[in-house]
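Contents: one structure, followed by commentary.
The values are calculated or read from the model by the stated rules, or taken from the named source; none is laboratory data. None of these values were measured; they are calculated from a predicted model. Ideal geometry is used to build each Cβ from the backbone, glycine not excepted, and the neighbour counts take in all protein chains shown.
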Amino acid sequence: MPRVVLLHSALGDSRLWRRQVEALAASFEVVAPDLPGFGSVPMPTEPFSFVDAVVSELPGMLVGNSFGGMVALRTALAHPELVSRLVLIAPGRRDFQWTDQLRDHFASEEAAIEAGDLVAATEVNMEFWVAPEHRDEVRPQQLRALQLQTAHAEPELVWPDEVALGDLDVPTLVIVGDQDKADFRKIAEQLAAEIPAAELEVVEGAGHLVGLDRPAELNALLLEFLAG
């Protein structure tokens, strides 16, 4: 069966994908790894690359949400021969100029982390990103990630050389919730416009974690697009 690799957001770990794994498993070989510093994988102590970690799961089709979407995009740009289809769900973008709303949020999270209060940092993220009905599910995943990421000094993070979005010829689906933060709606629109083989889908009633907020709608989009 065709392989699909699911990359989680920074709010949790591979368990965020359980609804999608169940929906895709009948048609695809589904792999949902924990990225370094999340879930079951400790933060490395030496310089490392998220892209290299993903490449070890390829070739296949690549799906990423938020931070995982940024990692998926950078992986596809660096290794297009390994990625047959690409799905970016509310992806991040390294060169994006964040609004004051996002900068203030990141500052609040960082202040709590620097104070050593990981529970408070977790709650900052729950209140900003996660619908109330999903917070009990996401909260322990976020707390676990913060514990792993603060267990020792942060290692150097290595990214591949930048490649222009216009050079990416991998069929790409960009998905964003209509209730997501304005920054991420704008990023989705930008990427859909700049990647030549990209299309944009906006999911009504979904926030940043589309797979939790509107799983049936996301699963339908994935099944159709990944089937080609």
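Listed values, structure above:
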{"read-out": "Failed condition for Phe96, given (1) assigned to a helix (DSSP H, G or I); (2) more than 26 Å from Val41 (Cβ to Cβ); (3) of a type outside the set (Asp, Glu)", "value": "(1)"}
{"read-out": "Which listed residue, of Ala145, Ala131, Ala115, is within 22 Å of Pro36 (Cα to Cα), modelled with pLDDT of 95 or more and outside the structural domain of Phe38 (by TED's automatic domain parsing)", "value": "Ala145"}
{"read-out": "Selected residue [of a type outside the set (Val, Ile, Thr), assigned by TED's automatic domain parsing to the domain that holds Gly37 and either within 15 Å of the chain's Cα centre (by Cα) or surrounded by 21 or more Cβ atoms within 10 Å (Cβ to Cβ) (or both)] from Leu209, Leu221", "value": "Leu209"}
{"read-out": "Search result, residues across segment 33-76 that are of a type in the set (A, V, I, L, M, F, W, C), in a loop (DSSP other than H, G, I, E, B) and under 16 Å from Leu86 (Cβ atoms)", "value": "Leu58"}
{"read-out": "Among (1) in contact with a His (Cβ under 6 Å, 6 or more places away or on another chain); (2) part of a loop (DSSP other than H, G, I, E, B), the one test that Asp169 misses", "value": "(1)"}
{"read-out": "Output for segment 109-151, where each listed residue is touching a residue at least 60 places away in the same chain (Cβ under 8 Å) and touching a Pro at 6+ places or on another chain (Cβ under 9 Å)", "value": "Leu148, Ala151"}
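The rows are residues; the columns are (1) over 28 Å from Glu109 (Cα atoms); (2) crowded, with 21+ Cβ neighbours inside 10 Å.
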{"site": "Leu6", "(1), (2)": "no, yes"}
{"site": "Glu22", "(1), (2)": "yes, no"}
{"site": "Ala26", "(1), (2)": "yes, no"}
{"site": "Glu29", "(1), (2)": "yes, no"}
{"site": "Phe38", "(1), (2)": "no, yes"}
{"site": "Glu46", "(1), (2)": "no, no"}
{"site": "Phe50", "(1), (2)": "no, yes"}
{"site": "Ser66", "(1), (2)": "no, yes"}
